[in-house]
């Protein structure tokens with residue numbers, strides 16, 4: 001585990017630990033947020049209004065977070081996740097419901113730009129365990145209703161008026177009780193860039209949904225995705241050739257599609273595929289290397305964070321978890 005990962009349980013509160021985390025990261029956040037100039041970012045009123053209109057359940061938490069970090073105008077605009085600067089990542093996704101109800105994803109990104117925080121909370125009355133993004137957003141997570149969510153960049157350069165995907169994932173985890181709930185929310189939610197969103201629930205529901213700032217949300221009918229979108233076609237298409245080449249998305253798509261279509265495959269096989277090339281990408285060799293792999297068990301309410309030689313197993317109600325060093329690819333695939 002090359003980076004220092006930590007778990008933070010804040011329960012229903014916005015407390016000083018979050019403010020301390022923000023203070024430590026704010027210089028980097030601020031530099032990224034202003035890279036196109038302050039005039040490119042929406043006003044505080046517009047940003048807060050977007051949350052009030054599209055995610056009213058989160059407005060109280062947003063206001064509390066803004067107050068906790070000092071109540072500054074720029075900080076509040078950043079925390080709204082409304083119309084953030086564009087950013088490209090990689091990542092791979094798979095939903096699995098054959099012998100377990102799992103969501104598996106690899107997070108491929110420059111390691112030093114990751115929050116590396118597992119955040120447990122119950123801000124809106126629903127217990128949520130998620131990998132944090134920009135303090136209170138999430139790149140993947142699970143809630144107490146058994147719904148797991150994860151995202152992968154969609155491989156398109158189009159940018160529009162909408163939320164950064166991290167707050168969309170947070171909202172899904174706070175309010176969705178089933179995959180169908182989450183799909184309905186994605187159909188109405190404006191997003192700033194294109195993403196593939198994977199969903200699994202404890203009732204056996206699963207979906208991969210393509211979202212984009214310029215196109216309606218689309219349920220693909222597939223159970224895997226990397227960094228391209230299909231727009232209703234039988235297979236994903238390349239719209240940004242440079243990104244597709246740099247991220248190796250086609251090879252990852254082929255590997256994941258192959259394992260989930262194998263009638264003999266088990267959950268173990270799916271997880272193992274994520275820990276091997278081409279899905280597993282060495283951060284020392286790739287701009288977007290695999291920083292971690294998440295395995296969410298929707299029945300047990302657990303998260304296993306995996307690295308090639310280590311597992312950190314956590315639960316919705318136990319964020320201390322258990323860390324195990326592996327000398328072989330011995331995985332817990334429930």
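Laboratory data are not the source of any read-out in this text; all were calculated from the coordinates shown. As the structure is a computational prediction, the values presented were derived from the model and not from experiment. Note that each Cβ is placed from the backbone with ideal geometry, even for glycine, and that neighbours are counted across all protein chains shown.
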Q | Volume in Å³ per residue [convex hull over Cα atoms, computed for segment 141-239] | A | 80
Q. Hey, what D do you get for segment 198-334 in µm²/s if you plug the Kirkwood alpha-carbon radius into Stokes-Einstein at 20 °C and 1.002 mPa s?
A. 129
Q | Listed peptides 165-171, 266-272 by packing density, highest first (mean Cβ within 10 Å) | A | 165-171, 266-272
Q. What is the calculated FRET efficiency for residue 180 to residue 284, with r their C-beta to C-beta distance and R₀ = 56 Å, to the nearest 0.05?
A. 0.85
Q. How much length is gained if the chain between residue 242 and residue 112 is pulled fully straight, taking 0.36 nm per residue apart and subtracting their Cα-Cα distance, in nm to one decimal?
A. 44.5 nm
Q) Could you work out Rg/(2.2 N^0.38 Å) for segment 95-159, with Rg from alpha carbons only? A) 1.26
Q. Based on the Cβ-Cβ distance from residue 36 to residue 269, what FRET efficiency comes out when R0 is 41 Å, to the nearest 0.05?
A. 0.40
Q.
I'd like to compare 48-55, 13-20: which one has the highest average count of other Cβ atoms within 10 Å, and what's the full order after that?
A. 48-55, 13-20
Q) Taking only the alpha-carbon atoms of segment 6-107, what semi-axes of the equivalent ellipsoid follow from 5 times the gyration tensor eigenvalues under a square root, in whole Å, largest first? A) 27, 19, 16
Q | Full-extension gain in nm, residue 262 to residue 319, via 0.36 nm per residue minus C-alpha separation | A | 17.1 nm
Q: Name the shape class, rounded, prolate or oblate, that the alpha-carbon gyration tensor gives for segment 58-104, where a ≥ b ≥ c are the square roots of its eigenvalues, rounded holds for a/c under 1.5, and otherwise prolate holds if a/b is larger than b/c and oblate otherwise.
A: oblate
**Q.** Sites residue 28 and residue 234, calculated FRET efficiency, Cβ-Cβ separation with R0 35 Å, nearest 0.05
**A.** 0.25
Q | Three principal axis lengths of segment 54-150 [C-alpha, angstrom, descending] | A | 48, 33, 24
